[in-house]
Amino acid sequence: MSKSKVYFTRDLSPEGLKKLFARISEPLTGRIAVKLHTGEKNGPNIIPSAWVKEFLGECLPEATIVETNTFYEGDRYTTEQHRETLKVNGWTFCPVDIMDEEGTVDLPVVGGKWFDHMTMGSHVTRYDSLLALTHFKGHTMGGFGGSNKNLGIGMADGRIGKKMIHQREGSDDMWSIAMDELMERIAESTKATVDHFRGHIAFLNVLRNMSVSCDCEGTGAQPVVTPNIGMVASLDVLAVDQASIDLVYALNPADNKALTERIETRHGLRQLSYMKELGMGNDDYELIDIDNGDAVITPKEAVKDVVPFSPFML
């Protein structure tokens, strides 16, 4: 298998999004969905809505942001609560489709050991193409949240699909699936989405404000202590998450300690190895530095000038 291409920029800005997107935009045709984590109310670490507004306005003016309701009770548990939270967080500049608002649809999971289907918001079938626009960060249960988690949890509907992933059948504990099995279930859910949009899907991870906490924790997220790195994009879901992990691990140990500990204590790297076992992508990739003439670089070279974290970076 030839190496997958992963494009990298240090430019954390709307311009950076536009430049990176230009490298992966070709397969996105027809009615385009943009899956991003819009966050709990006033969450401090989400991709800034102003960035996304400028990016979509220039690059994807007809696109729709897509989300689903949450499994836990919070600011996005019901459609009504979710729409209020969208307003608070600034997601008012384009249509936002809460895909499970009108029910569900089952998409097949081919080759899974936990599922033969995943239950999604029914509106997923309205779209021809999908861009996973992901804030890469830590995660309380998953270790890290990249494109795989954004799609695996974020496309599953709030009552059935997310329950399938998180809760063992017959258990009263809604978080009864953990560690390796949880990583595998998330990946199988992602596979349903990736297969559904095959040939018309792309992935962009933003490595900024990387708390060990997910954006689902909102203002309760742990403080950010990991420096900002940049952004990566690919047509390969495994390659884009593998590159993101490799960039984090390439940081000086003092700079990545909190995040790598979170990843490893939750067995988060199983997300990557299981995606590979499922044939979802390639963990052998070229990291292409679009800031420097498309030079192929190593993750260590990419982060060599990263500034150690300071609260003033937020």
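All of the numbers you see were taken from the coordinates with simple rules; none came from a lab. Please read all numbers here as calculations on a predicted model, not as lab measurements. We place every Cβ from the backbone using ideal geometry, glycine too, and count neighbours over all the protein chains shown.
Can you tell me which residue is farthest from Glu181 (Cα to Cα) among those in region 262-304 that are in contact (Cβ under 8 Å) with a residue 24 or more places away in the chain and among the acidic types (Asp, Glu)?
Within region 262-304, the subset in contact (Cβ under 8 Å) with a residue 24 or more places away in the chain is 262-272, 274-276, 278-291, 297-300, 302-303.
If we keep only those that are among the acidic types (Asp, Glu) as well, we get 264, 283-284, 286, 289, 291.
Numbers: Glu264: 15, Asp283: 20, Asp284: 24, Glu286: 30, Asp289: 35, Asp291: 39 Å.
Result: Asp291.
Can you confirm whether region 59-77 contains a residue that is among the hydrophobic types (A, V, I, L, M, F, W, C), assigned to a loop (DSSP other than H, G, I, E, B) and over 20 Å from Ser189 (Cα atoms)?
Scanning region 59-77 turns up at least one residue that is among the hydrophobic types (A, V, I, L, M, F, W, C), assigned to a loop (DSSP other than H, G, I, E, B) and over 20 Å from Ser189 (Cα atoms).
For region 48-59, state whether one or more residues are in contact (Cβ under 8 Å) with a residue 60 or more places away in the chain, within 21 Å of the chain's Cα centre (by Cα) and crowded, with 22+ Cβ neighbours inside 10 Å.
Among the residues of region 48-59, at least one is in contact (Cβ under 8 Å) with a residue 60 or more places away in the chain, within 21 Å of the chain's Cα centre (by Cα) and crowded, with 22+ Cβ neighbours inside 10 Å, which makes the answer yes.
Tell me which residues, restricted to region 258-275, are surrounded by fewer than 20 Cβ atoms within 10 Å (Cβ to Cβ) and out of contact with any helix residue (DSSP H, G or I) (no Cβ under 6 Å at 6 or more places or on another chain).
Ala258, Glu261, Glu264, Thr265, Leu269, Ser273
Out of the residues in region 139-179 meeting the condition of being of a type in the set (Gly, Ala, Ser) and under 23 Å from Gln222 (Cβ atoms), tell me which one is surrounded by the most Cβ atoms within 10 Å (Cβ to Cβ).
Out of the qualifying residues, it is Ser147.
What are the pairs, 6+ residues apart or on separate chains, where a residue within region 109-131 that is without any contact (Cβ under 8 Å) to a residue 24 or more places away in the chain and closer than 22 Å to Arg168 by Cβ has its Cβ under 6 Å from a residue that is assigned to a loop (DSSP other than H, G, I, E, B) and among the β-branched types (Val, Ile, Thr)?
Cβ pairs passing all conditions: Asp116/Val109.
State which residue pairs qualify: first residue assigned to a loop (DSSP other than H, G, I, E, B) and inside region 1-24, second residue hydroxyl-bearing (Ser, Thr, Tyr) and crowded, with 16+ Cβ neighbours inside 10 Å in any location, beta carbons under 8 Å apart, and separation of 6 or more residues or different chains.
Note: pairs meeting the criteria are Lys3/Tyr285; Arg23/Tyr7; Ile24/Tyr7; Ile24/Ser234.
If only one of Ser4, Ser25 is of a type outside the set (Lys, Arg) and surrounded by fewer than 18 Cβ atoms within 10 Å (Cβ to Cβ), which one is it?
It is Ser25.
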